[in-house]
Amino acid sequence: MKVIDFKNASCKHCYKCVRSCSVKAIKVRDAQATIMDDHCVLCGTCLEVCPQNAKTFVSDLDRVRAFIAEEKKTVVSLAPAYLGILDYEKPGQVVDALLKLGFSEVRETAEGAAYVTEAYTKLLEAGQMKNIISTCCPSVNELVEKYSTSWGNSPLSRKRRMSWATQRPQPPQA
């Protein structure tokens, strides 16, 4: 899945992104910079340093709209920080608006952290993993998974994350 991409027409070949990438995840081919997904840790430095705004976040908005149109269960994970960022007049207004847009549920991001903590606890108790890293920062997770060879297998592989997501217990209904 692509998260950061380049707009071909905007790149002016200044190489700032290449020089700033700490994991050397950007290559230039046919006078166009491209991101090597297998190297990229999604830190966003290339987005910040590009004077041409040639890099962009890849949006999943069309995908989400399709899920809603197909009436698939689509849940929003909303960080508590939205209270300080979004403009609203009364409590619950943002949640109500998201539900009116067609989302099945609006849940707090902290709930996901509780599931991850529970899964880590089970792995530690079972002795299934030698090392575990716990952070909500996707760049740190990507960095460890892609570049930490001293730990052998990645501490939290994508397959394990996917199996946890499908096997986790459902939260109690309010």
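The values are calculated or read from the model by the stated rules, or taken from the named source; none is laboratory data. Keep in mind it's a predicted model, so treat the numbers as computed, not measured. In this analysis, Cβ positions are derived from the backbone assuming ideal geometry, glycine residues included, and neighbour counts consider all displayed protein chains.
Looking only at region 26-42, residues that are surrounded by 13 or more Cβ atoms within 10 Å (Cβ to Cβ), touching a helix residue (DSSP H, G or I) at 6+ places or on another chain (Cβ under 8 Å) and under 14 Å from TYR147 (Cα atoms) come to 4 in all. When we screen LYS16, LYS55, LYS100, LYS90 for residues that are basic (Lys, Arg), out of contact with any Ser or Thr (no Cβ under 9 Å at 6 or more places or on another chain) and either surrounded by 15 or more Cβ atoms within 10 Å (Cβ to Cβ) or at positive phi (or both), the only hit is LYS16. When both residues are 6+ apart or on different chains and their Cβ atoms are under 6 Å apart, which pairs have a first residue that lies in region 86-103 and is at pLDDT 95 or above, and a second that is not aliphatic (A, V, I, L, M)? Within 6 Å, the pairs are PHE103/THR74. Could you list all residues from region 20-51 that are basic (Lys, Arg) and within 23 Å of CYS137 (Cα to Cα)? LYS24, the sole residue that qualifies. What's the number of the only condition in (1) within 30 Å of CYS14 (Cβ to Cβ); (2) touching a residue at least 12 places away in the same chain (Cβ under 8 Å); (3) among the charged types (D, E, K, R) that ARG107 fails to meet? The one condition ARG107 does not meet is (1).
Each row is one residue, and each column tells you yes or no for (1) in contact with a Gly (Cβ under 8 Å, 6 or more places away or on another chain); (2) of a type in the set (Lys, Arg); (3) modelled with pLDDT of 85 or more.
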| residue | (1), (2), (3) |
| --- | --- |
| ARG107 | no, yes, yes |
| THR121 | no, no, yes |
| GLY127 | no, no, yes |
| CYS137 | no, no, no |
| TRP151 | no, no, no |
| SER154 | no, no, no |
| SER163 | no, no, no |
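On the stretch given as region 115-129, residues that are within 18 Å of SER148 (Cβ to Cβ) and either in contact (Cβ under 8 Å) with a residue 24 or more places away in the chain or in contact with a helix residue (DSSP H, G or I) (Cβ under 6 Å, 6 or more places away or on another chain) (or both) total 1. Looking across region 110-151, the residues that are over 29 Å from TYR82 (Cα atoms), among the hydrophobic types (A, V, I, L, M, F, W, C) and not in a loop (DSSP other than H, G, I, E, B) come down to LEU123, LEU124, ALA126, TRP151.
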